[in-house]
Amino acid sequence: MKISNQVIESHGLKLDEFSLIKKLLKREPNLLELGIFSAMWNEHCSYKSSRKHLKNLPTKGKQVIQGPGENAGVIDIGGDDAIVFKIESHNHPSYIEPYQGAATGVGGILRDVFTMGARPIALLNSIHFGSPKFFKTKSLLNGVVSGIGGYGNCIGIPTVAGETKFNATYNENILVNAMAVGHVKKNKIFYSKAKGLNKSVVYVGSKTGRDGIHGASMASAEFDENSEEKKPTVQVGDPFTEKLLMEACLELMKDNSIISIQDMGAAGLTSSSVEMASKGELGIELNLEKVPCREENMSPYEMMLSESQERMLIILEDGKEENAKKIFDKWDLDFVVIGKTTDSNKLVLKYNNAIKAEIPISALSSKAPIYDRKWIKKKLPKIKVDLKKLKKVKFEDALIKILSSANYSNKSWVTEQYDQMVMCDTVKQSGADAAIIRIHNKKKAIAVSVDSSANYCKAHPISGGKQVVCENWRNLISVGSKPLAITNCLNFGNPENPEIMGEFAECLKGIKESCEFLNFPVVSGNVSFYNGTNNKNINPTPVIGGVGLISKLDNPINHKFKKENNLIILVGKTFGHLEQSAFLEEVYSNIDGLPPEVNLVNEKNNGEGILEIINKELAKSVHDISSGGLVVALAEMSMGTDFGVKIDRPKKLTNSIKYFFGEDQSRYIVEIEKNNLEKTAKILKKNNIFFEIIGTTQMKYFEIQGEFKSDIKELYKINNQWYNNF
């Protein structure tokens, strides 16, 4: 059958890419081979538009055991312990079918972690929805949250942190980014690189169905008015089977049976087999009639491109098949030897002894196209906000407007649907700057957090990229952890648009600068392009997931005030930057101007000073200042406690809106007892860190001198009412 241009384009391939395929094969591919190229050359799997820029990110450090290129990144946390973690997107599937899209996003990222030999210990998420006024938003929100909770709760992994945001830019393309964190012994880390000839290639887990076919290709294209028709490309998850698969794999990993292991994620059996062979510079031969199928008359094309969930591919040492099969039989899972490794450097697919496809592995991996997309530098916004020209607003009205808004209201109605305490090692959960997870039966712990800042990145991508890394750094610092490394999920629009590609290139430049300066390397990640519908692209939304180490977990700290009549210290200088702020967006629907400047010297210096104060047990609570500025951070520290604040108005203050709502970076609020002021001040002065005492904690009332006073219970009520009115 001659392949038409329409068939080529329906597989997400360009005509010039098809010409390259013919050149690499020295012939025209058949339909199965075309499907395999489509799966491996799509944006989601090949990173063909982003690889040129990704290679500039810092990925190494003393703490890094494994950087990008494996199923997940691995970092050293001392002793014989390591942490495995990664974040990935499941945006397109979650818009089409929110429950299953979000659920299988969680399942997929968990497999990336336990494939490395780690037992998952925490889940996080970053979810972005359209305007609350958009007719689809509520159903999408409820479906996604139910899917995340349903999968994580059933498999028994705590969902401990995340963020939920709303903006009209996501009306037709929501973002669902899932992060998983696991713990592993350093001598039991497993990799996906194939080794040895004539080794058994084993299929384990669930049976293969027709769900998810072309899922990776669908995730590498823009939506249009027919997006609902793509529901067949959304996978269906089964968390109970995933639990069995995880336990079976971890049991098999206790001995030396496994040579390599790979999750069947995006592009299913195709990507897992090709990636293993490519990394090992080997060939692989599969007998597709042996693939366990749950539907009748499945073709080789369907088997290779199915994205059915809860499946793995394993290469075993000689003579280990029988013992391994016993383990998977015990867990009631399929275990079938479906092929072998070869020295052909080709992917050879047989079906009932007939060769159905024969492709050089390099053609699917190293020789996949890499694009140097044209991009243009972001034009800086000329409009600067003049407060004098805006309609005057009362301080009280502004604060209430922000605290009662969709983006800044209490999100407990989301997090209460997640089991955060299962496994019994969650020390601090959702709501803190970062969650804290104890390493089981040990005194050390890790802190984890996810952050994004789409408005900043849209206005000035370099500053936005720098800021989102620094925000994550501050969140980890604020709970007393030493930041170690990050994973990133880079959500952008169509890379064929030079403006979008410019946003991507410049955001990565900002991320690179912050990571290098803070010694905060990128060890894993994901790029999600084509997030848009009918040429309407989302705002650039890089999501950063960070991990920090608490070497000795004695008195965990968080951001809630602890005691009345304590001193409140503001660390870092306040200049009153209001452009791109929550104040302007929520009160005036204004998103003009540039984001605040990011001073990396101050970020590092201030953060290390705060960490020293925490480690010397001088701080009672700590909170970083970000969206909403000083007053919103103070309110977050008060709400849900018995302790409010009495904040003094600075004597030379000329504009209280700028001072209290400005979003200057590198700042923290620290609560200390009065008798610890001298020791705290000494540390800050030693490090040349600017600070000021701005007030004290008090019972019952939240008070800003001359501006605002409220019972904190009323403030808490205001902050909790949004979803009930949604």
Tally, over region 408-430, of residues that are touching a helix residue (DSSP H, G or I) at 6+ places or on another chain (Cβ under 7 Å) and either hydroxyl-bearing (Ser, Thr, Tyr) or open to solvent by 10 Å² or more (accessible area, probe 1.4 Å) (or both): 8
Lone unmet requirement of (1) open to solvent by less than 10 Å² (accessible area, probe 1.4 Å); (2) under 29 Å from GLY493 (Cα atoms); (3) over 23 Å from the mean Cα position of the chain (by Cα) for LYS384: (1)
Which numbered condition GLU163 misses (of (1) within 17 Å of the chain's Cα centre (by Cα); (2) assigned to a helix (DSSP H, G or I)): (2)
Residue within region 285-305 that is open to solvent by less than 50 Å² (accessible area, probe 1.4 Å), assigned to a loop (DSSP other than H, G, I, E, B) and over 23 Å from LEU32 (Cα atoms) present: no
Within region 665-675, considering residues that are open to solvent by 10 Å² or more (accessible area, probe 1.4 Å) and more than 16 Å from GLY695 (Cβ to Cβ), the one nearest to the chain's Cα centre (by Cα): GLN665
Criterion: open to solvent by less than 20 Å² (accessible area, probe 1.4 Å) and either under 30 Å from ALA122 (Cα atoms) or in contact (Cβ under 8 Å) with a residue 24 or more places away in the chain (or both) - qualifying residue of ILE361, ILE370, ILE376, ILE400: ILE361
Within region 627-654, tally of residues that are of a type in the set (S, T, N, Q) and either surrounded by 21 or more Cβ atoms within 10 Å (Cβ to Cβ) or closer than 22 Å to ASN688 by Cβ (or both): 2
Pair list, Cβ < 8 Å and 6+ apart or interchain, from region 594-623 residues that are without any contact (Cβ under 8 Å) to a residue 40 or more places away in the chain to residues that are of a type outside the set (S, T, N, Q) and crowded, with 23+ Cβ neighbours inside 10 Å: none
LYS340, sole failed condition from (1) open to solvent by less than 40 Å² (accessible area, probe 1.4 Å); (2) more than 32 Å from the chain's Cα centre (by Cα): (1)
Residue list for region 1-51, restricted to those being in contact (Cβ under 8 Å) with a residue 60 or more places away in the chain and at positive phi: GLY12, TYR47
Enumerated strands (runs of 3 or more DSSP E) restricted to region 388-505, each holding at least 3 residues that are at pLDDT 95 or above and on the phi < 0 side of the Ramachandran plot: 435-438, 445-452, 482-491
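The values are calculated or read from the model by the stated rules, or taken from the named source; none is laboratory data. For clarity, every value in this text was computed on a predicted model and none was experimentally measured. Cβ: placed from backbone, ideal geometry, glycine included. Neighbour counts: every protein chain shown. Heads up: the accessible areas ignore ligands, DNA and RNA and are worked out on the full protein's heavy atoms, side chains in. Shrake-Rupley method; radii C 1.70, N 1.55, O 1.52, S 1.80 Å.
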